[in-house]
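The values are calculated or read from the model by the stated rules, or taken from the named source; none is laboratory data. Just so it is clear, the model here is predicted, and its values are computed rather than measured. Virtual Cβ from ideal backbone geometry, glycine too; neighbours counted across all protein chains shown.
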Amino acid sequence: MDNYTPSFWLSASQLAGNIGLGVYVWFVNRQKATRAEIKAIEDGLQSMKESQSQSCSTHMSRTTTLETKITQVPSHADMGQIHDRITGVNGAIENINGMMKGMRDNVNLLVDFHLRGPKG
């Protein structure tokens, strides 16, 4: 140990100090990067949370509108009554259609009689 000069010990302590300083700087920069990444993730999550909140609010509004409209839809019994009434109207129209065909045939006979004149 006596062979080492003070300049050697000064250089060795400078080397150890530089290595320690390098490790410290590396560690601090690593923490800065990690903090920046965490901050970016938190900001992204916050914006996603706000977006989801707006989307959820829109869906709640649409759901409320649908629930309001669904209360005004006819029930199964009402639909049965409507079906019965439509069936009745359909039967009446078919009856009127048959009568109209008969009237058309009578009118055609009268037209033929007047155009051709009495036979005889």
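Limited to region 64-90, what total is found for residues that are small (Gly, Ala, Ser) and loosely packed, with under 10 Cβ neighbours inside 10 Å?
Matching residues across region 64-90 total 2.
Conditions (1) under 27 Å from the mean Cα position of the chain (by Cα); (2) outside any helix (DSSP H, G or I); (3) at pLDDT 90 or above, marked per residue:
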residue: Asn3; (1), (2), (3): no, yes, no
residue: Gln14; (1), (2), (3): no, no, yes
residue: Ser57; (1), (2), (3): yes, no, no
residue: Ser61; (1), (2), (3): yes, no, no
residue: Gly88; (1), (2), (3): no, no, yes
residue: Asn97; (1), (2), (3): no, no, yes
residue: Lys119; (1), (2), (3): no, yes, no
